[in-house]
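J.: Before I ask anything, let me first share the structure, which is written out below as structure tokens.
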Amino acid sequence: MKPLEQFHYFFNCCIGAWSTERTYHHLTRGEVERSRTEFTIRTLTPDLKHKVLADNQYPNHSVDGFLGFHLAFETVSETGEEVAQELNMLFVPQQENLAGLEGDYLRDRAYEEDRPIVATFRFDPGSLQLSMTTTYTRVVAVDTITLLNPRLRLRQILTYQRPEAGQPLQDLILVGFGVEQKLT
């Protein structure tokens, strides 16, 4: 199967309701936190795909073939803190080769900052692993999802202090791990 076909397979498996248990290691504070998240993923209509492009002032494209999703989640941490959010996302492939697929990952609302944002993604068709890198004002988040089977995903979240321009990611401030199980 070609990388783009595997990419479509990956996301077809992701549509539905999920539950995840996560552990976050706050390295700068020396704390460990557990949380539980219930989330749903559904496909975006062409109109919403165009809205995500417009929200990000991204050049207007035909959205045919772009994978777009609506994500809604509710998280409860072990301390009782609750967070709920909904957002729309769009994946715009830029390059496909034997190693996989790369491109832009657009959201109408970012996790760390409440604004539209353009990030990057890489997809490895051999391991069914999606890696998304988002550069925020103060941090850089690298979120990796590995599809183990159509009903089970592993999640890794690495958050770095944002380095000076041109410098590598180095100062890790948060590490998160999760096991995500499909409910429907």
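The values are calculated or read from the model by the stated rules, or taken from the named source; none is laboratory data. If you're wondering where the values come from, they're calculated on a predicted model, not measured in any experiment. In this analysis, Cβ positions are derived from the backbone assuming ideal geometry, glycine residues included, and neighbour counts consider all displayed protein chains. Calculation scope for accessible area: heavy atoms of the full protein, side chains included, ligands and nucleic acids excluded. Shrake-Rupley method; radii C 1.70, N 1.55, O 1.52, S 1.80 Å.
J.: Which of these values of mean projected area of the Cα convex hull in nm² was calculated from the structure shown: (i) 9.8; (ii) 10.8; (iii) 12.4?
T.: Checking each listed value against the structure points to (ii).
J.: Where the centroid of each part is defined by its Cα atoms, how far is region 1-59 from region 114-184 in Å?
T.: Value for the Cα centre distance between the two parts: 10 Å.
J.: Mind checking the dipole of the chain: about its Cα centre, +1 per Lys or Arg Cβ, -1 per Asp or Glu Cβ, Debye to the nearest 20?
T.: 320 debye
J.: Follow-up. Rolling a 1.4 angstrom probe over the protein heavy atoms, how many square angstrom per residue are accessible across the chain?
T.: 55 Å²
J.: Same structure again: Determine the calculated [θ] at 222 nm for the chain from helices alone, applying -39500 (n - 2.57) to every DSSP H run no shorter than 4 residues and normalising by the residue count; nearest 500 deg cm²/dmol.
T.: Roughly -3500 deg cm²/dmol at 222 nm, from the helical runs in the chain.
J.: GNM on the chain, C-alpha springs below 10 Å: top fluctuator among GLU21, GLU164, GLU78?
T.: Most flexible of the set in this elastic network: GLU164.
J.: Roughly how big is region 69-118's charge dipole about its Cα centre, with Cβ charges of +1 (Lys, Arg) and -1 (Asp, Glu), in debye to the nearest 20?
T.: Once rounded to the nearest 20, the dipole reads 240 debye.
J.: How many nm is it between the label spots at GLU78 and ASN149, if each spot is 7 Å from the Cα in line with the beta carbon?
T.: 2.8 nm
J.: State, to one decimal in nm, how far the label point of ASP171 lies from the label point of LEU98, with both points 7 Å from Cα in the Cβ direction.
T.: 4.1 nm
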